[in-house]
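Only one structure is covered here, and it is reproduced in the block below.
The values are calculated or read from the model by the stated rules, or taken from the named source; none is laboratory data. Owing to the predicted nature of the structure, the values given are computational and were not obtained by experimental measurement. Every residue, glycine as well, gets a Cβ built from its backbone with ideal geometry; the counts of neighbours run over all protein chains shown. Ligands, DNA and RNA are excluded from the accessible area calculation, which covers all protein heavy atoms including side chains. Shrake-Rupley method; radii C 1.70, N 1.55, O 1.52, S 1.80 Å.
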There are 2 protein chains.
Amino acid sequence: MSEGYRLMWKNLGLDLNAHDVLLDVLGKAYTDIYLSQKNRPEGMGYFDFVMSEVHGLRIQELLDEKAAGRKIVGSYCVFVPEEIVLSANATLVGLCSGAEFATEEVEKILPRNTCALIKSSFGFKLGKVCPYLECADMIVGENTCDGKKKSYEILNELVKRLYVMDLPQMKSPAGKELLKSEYYRFKSEMEHLTGATIDKERLKNSIDIVNNKRKAIHRLASLRKADPTPISGLDALLANQVFFYDNPARFTESVNKLCDELENRVESKTGVFPASAPRILISGCPMAVPNWKLPWIIETSGAVVVGEESCVGERGTRNLVDSTGNTVDELINAIVEHYFEIDCAIFTPNPDRIEHIVEMVKSYKADGVIHYGLQFCQPYTIESGKVEKELQNRKIPALRVETDYSQTDVGQLKTRVEAFIEMLK
Amino acid sequence: MSEGYRLMWKNLGLDLNAHDVLLDVLGKAYTDIYLSQKNRPEGMGYFDFVMSEVHGLRIQELLDEKAAGRKIVGSYCVFVPEEIVLSANATLVGLCSGAEFATEEVEKILPRNTCALIKSSFGFKLGKVCPYLECADMIVGENTCDGKKKSYEILNELVKRLYVMDLPQMKSPAGKELLKSEYYRFKSEMEHLTGATIDKERLKNSIDIVNNKRKAIHRLASLRKADPTPISGLDALLANQVFFYDNPARFTESVNKLCDELENRVESKTGVFPASAPRILISGCPMAVPNWKLPWIIETSGAVVVGEESCVGERGTRNLVDSTGNTVDELINAIVEHYFEIDCAIFTPNPDRIEHIVEMVKSYKADGVIHYGLQFCQPYTIESGKVEKELQNRKIPALRVETDYSQTDVGQLKTRVEAFIEMLK
């Protein structure tokens, strides 16, 4: 990394030594897991570059935006509407939460029985190694699960400006009303942060920008229905991860370019795995960079991941926001309708998710489902029982995995995953 | 137990052998923990009788009520408004969730990392040993924590009629609106269940009945401010536990009778512990019958428990419902206002609870606070950090305990509690 970046990180208040260690680990993992893959699409070159500059050029871009008067908003969840952030002339970025860091420090302020994702987000803050978090003008938390809801009260003492968005727990009329009032409150907060007024034109434009991003990533997803699939699950997951922090227009263009190439591959039946490789759908908790553990285990065990029923996957991207409204109210309503459809396990009951999993199994021609639950994530681990039962009823093979971000269970997991894949052959 | 009870339990579908085992364990625990106490108030005789008949006479009474056309409603939480249940001509009872039972069976359908209270409620169902659950015409669940919210989806497949009440997560205007709409929905559901119409008179009358129960238990609590305290923490906890399943009028009368006796004790400075015994406030998760582990450890270690900042304690009982309203709407509003004040850790933020703990420390002249968290209960275990910090800031000694319903950690807990108490002397 150049000396310029080091100065940038220092000015952001990062712990340079700890950050060096992180980048070193991240770089090695990327080389081992990503660059070692065979027959990758050329279009992945863009994402390799993005990853190599994930704490470098992208941060420089965000700082340039800040210098030009734009605000940066950080979030941890798909329920934070990028449409509203963009239309207030601000940029939304996902925050680091995919790796273990400063765990000992974290466990002094959070119970050990907290999921790895939450612990990670605190670790990046306490360890001073997340440039996204440090350059954000505002962090948006949300009352999804108990773990996040209650730990935001503690994060509030560690960051400059934390805004917490309330969320409903049931898809009732009262639940929708609550979401609507919260999105209006968020709109006001964004206008207050940036000084911009969110009008119809800005909102329409932002909805289009985000819809285009969703269309592109959905196009990529659809190409994985082909047999053999033209791209590895790891590479597709990476695109879904980059979705959360890249420049939206550039991301859309790069994904579409990758898709052009993949279409040619599909036509020529060029795959990254033999056509005989069992096809796996991953369902469950989100996987933030660099949490590549499970797909890496699967794809080094003779199977290919063809889809992610996940927040970092189809959960937030499969539907578009209707941009035909003629007033701010109509457009906000369309945004509410969109996000209220997300089938996160925080909702009770949550039958849409199970239907969606079954539908994905069919459309992606998956041979089996691996349910990925983060240890101590109560919404997904409890729901996984229902998911498994429903899949069994439909004779769809399913394996439930509960893990965290450590590497200690990799051997054990690999044994279980290999046995499952063997069964599918 | 008489043969009549055995027939009653059989008709309720209980597993008689398993139930015998449970009653045996419960009886032994009660003898060891309660009856071994010295210098107990005579008024506790009523509660000893209630406990000896907890699965006998009380169930017979409920079945008699059912035979007379009254409905029985079971619940697991203080947010289910007894006022609305009573005014629909139904009886509300708390359901069994205080002991380990059928844990192996439970862990087949719920993650092991689920709190003991939820596992227990499932264990009583799967083991067929809770006559309250089996005689209830309707079970009311509530979206408090993630664990309960998501496990009710599974309980729904195990019980006849489960109704789930949504709850807000923030004390915002939108949150209050949600609670209000849910209480109206619950009112309709109760009217539908019983065929009764909830009118102003019934509602006023029910509010008074529940307020009187609260006043009595609050009178009992206040008497514990005396030094020496006239009643053990274990006995006071028992009264708070019986609050949830006894006949309201009889309960109120019995508690008031006990209080008359305690007033005399206070006057004559008669205590159950030496005046020098350190005074402990317990704060945190609820303790359902027969979960007497922590207060038993404390009171056999030379200290006395003087208050419970808990759902089975002051959390739901310290405030009354205003019964002066002149319309059903005004009275429902008063009920909403009351329950919206409850400072459960499911709310974010939840500053009232910390204030209440500090206020209780002062008014009960507590020398220290023991925070009781159930393992895997994210709302309370995460909030416990904030509570401890706030108490430290005010130089109030505090000990955080995280446990479950097993007896395996009793020795270790006793060592920690003894050391804490020693420090207070």
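Things worth noting here:
- If the condition is being open to solvent by less than 10 Å² (accessible area, probe 1.4 Å) and either among the hydrophobic types (A, V, I, L, M, F, W, C) or over 18 Å from the mean Cα position of the chain (by Cα) (or both), then the range A:67-89 contributes A:Ile72, A:Val73, A:Phe79, A:Val80, A:Ile84, A:Val85, A:Ser87, A:Ala88.
- Here the range A:310-338 is the region considered, the condition is being β-branched (Val, Ile, Thr) and within 15 Å of A:Lys187 (Cα to Cα), and the residue that is most open to solvent (accessible area, probe 1.4 Å) is A:Thr327.
- Within the range A:257-283, residues that are within 13 Å of A:Lys225 (Cβ to Cβ) have Cβ atoms under 6 Å from residues that are β-branched (Val, Ile, Thr) and in a helix (DSSP H, G or I) in these pairs: A:Leu281/A:Val361, counting only partners at least 6 apart in sequence or on another chain.
- Residue among B:Ala236, B:Ala216 that is open to solvent by less than 10 Å² (accessible area, probe 1.4 Å), assigned to a helix (DSSP H, G or I), more than 14 Å from chain A (Cβ to nearest Cβ) and in contact with a strand residue (DSSP E or B) (Cβ under 8 Å, 6 or more places away or on another chain): B:Ala236
- Pairs where the first residue, in the range B:321-340, is within 17 Å of B:Leu167 (Cβ to Cβ) and of a type in the set (Lys, Arg) and the second is assigned to a helix (DSSP H, G or I) and modelled with pLDDT of 95 or more, C-beta under 7 Å, 6+ apart: none
- B:Ala275 vs. criteria in contact with a Pro (Cβ under 8 Å, 6 or more places away or on another chain), open to solvent by 40 Å² or more (accessible area, probe 1.4 Å), away from chain A (no Cβ under 14 Å) and of a type in the set (Gly, Ala, Ser): yes
- Selection count, the range A:299-339, where residues are assigned to a helix (DSSP H, G or I), over 18 Å from A:Ala239 (Cα atoms) and of a type in the set (Val, Ile, Thr): 4
- Matching residues in the range B:182-196 - criterion: being outside any helix (DSSP H, G or I) and surrounded by fewer than 16 Cβ atoms within 10 Å (Cβ to Cβ): B:Gly195
- Boolean, B:Thr348 is under 25 Å from B:Glu418 (Cα atoms), within 12 Å of chain A (Cβ to nearest Cβ) and among the hydroxyl-bearing types (Ser, Thr, Tyr): no
- Close Cβ contacts (under 7 Å, 6 or more residues apart or on different chains) running from residues in the range A:149-164 that are under 17 Å from B:Lys171 (Cβ atoms) and of a type outside the set (Val, Ile, Thr) to residues that are open to solvent by less than 20 Å² (accessible area, probe 1.4 Å) and in a helix (DSSP H, G or I) comprise A:Lys150/B:Gln378; A:Lys150/B:Pro379; A:Lys150/B:Ile382; A:Lys150/B:Glu383.
- Of all residues in the range A:172-181, none are farther than 13 Å from A:Ala88 by Cα, more than 14 Å from chain B (Cβ to nearest Cβ), open to solvent by 40 Å² or more (accessible area, probe 1.4 Å) and assigned to a helix (DSSP H, G or I).
- For the range B:104-118, a residue qualifies if it is without any contact (Cβ under 8 Å) to a residue 60 or more places away in the chain and surrounded by 20 or more Cβ atoms within 10 Å (Cβ to Cβ), and the qualifying residues are B:Val106, B:Leu110, B:Pro111, B:Ile118.
- The residues listed here are A:Val289, A:Val266; of these, the one that is touching a strand residue (DSSP E or B) at 6+ places or on another chain (Cβ under 9 Å) and either in a loop (DSSP other than H, G, I, E, B) or not polar (S, T, N, Q) (or both) is A:Val289.
- Complete set of residues in the range B:158-171 that are open to solvent by 10 Å² or more (accessible area, probe 1.4 Å), modelled with pLDDT of 95 or more, more than 9 Å from chain A (Cβ to nearest Cβ) and within 22 Å of B:Leu92 (Cα to Cα): B:Leu158, B:Val159, B:Arg161, B:Leu162, B:Tyr163
- From the list A:Asp199, A:Asp208, A:Asp246, the one residue that fits, being within 27 Å of A:Gly69 (Cα to Cα), of a type in the set (Asp, Glu) and surrounded by 21 or more Cβ atoms within 10 Å (Cβ to Cβ), is A:Asp246.
- Filter result (within 14 Å of chain A (Cβ to nearest Cβ) and hydrophobic (A, V, I, L, M, F, W, C)) within the range B:382-409: B:Ile382, B:Val387, B:Val401
- Filtered residues of the range A:101-136 (kept if within 14 Å of chain B (Cβ to nearest Cβ) and among the hydroxyl-bearing types (Ser, Thr, Tyr)): A:Thr114, A:Ser121
- Flag if B:Cys311 is modelled with pLDDT of 95 or more, within 14 Å of chain A (Cβ to nearest Cβ) and within 17 Å of B:Ile282 (Cβ to Cβ): no
- Unmet criterion (only one of (1) β-branched (Val, Ile, Thr); (2) within 22 Å of A:Arg224 (Cα to Cα); (3) away from chain B (no Cβ under 14 Å)) for A:Ile354: (3)
Per-residue answers, yes or no, for (1) more than 12 Å from B:Ala116 (Cα to Cα); (2) not β-branched (Val, Ile, Thr):
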residue: B:Phe376; (1), (2): no, yes
residue: B:Ile382; (1), (2): yes, no
residue: B:Glu388; (1), (2): yes, yes
residue: B:Gln392; (1), (2): yes, yes
residue: B:Lys395; (1), (2): yes, yes
residue: B:Arg400; (1), (2): yes, yes
residue: B:Tyr405; (1), (2): no, yes
residue: B:Thr408; (1), (2): yes, no
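- Qualifying residue in the range A:139-156 (condition: more than 14 Å from every other protein chain (Cβ to nearest Cβ), at pLDDT 95 or above and surrounded by fewer than 22 Cβ atoms within 10 Å (Cβ to Cβ)): no
- Residue satisfying condition, being assigned to a helix (DSSP H, G or I) and surrounded by fewer than 21 Cβ atoms within 10 Å (Cβ to Cβ), within set A:Lys362, A:Lys395: A:Lys362
- Subset of the range A:365-381 that is more than 14 Å from chain B (Cβ to nearest Cβ) and open to solvent by 10 Å² or more (accessible area, probe 1.4 Å) - its residue that is farthest from A:Glu299 (Cα to Cα): A:Lys365
- Residue within the range A:406-417 that is surrounded by fewer than 19 Cβ atoms within 10 Å (Cβ to Cβ), in contact (Cβ under 8 Å) with a residue 40 or more places away in the chain, among the charged types (D, E, K, R) and over 21 Å from A:Gly313 (Cα atoms) present: yes
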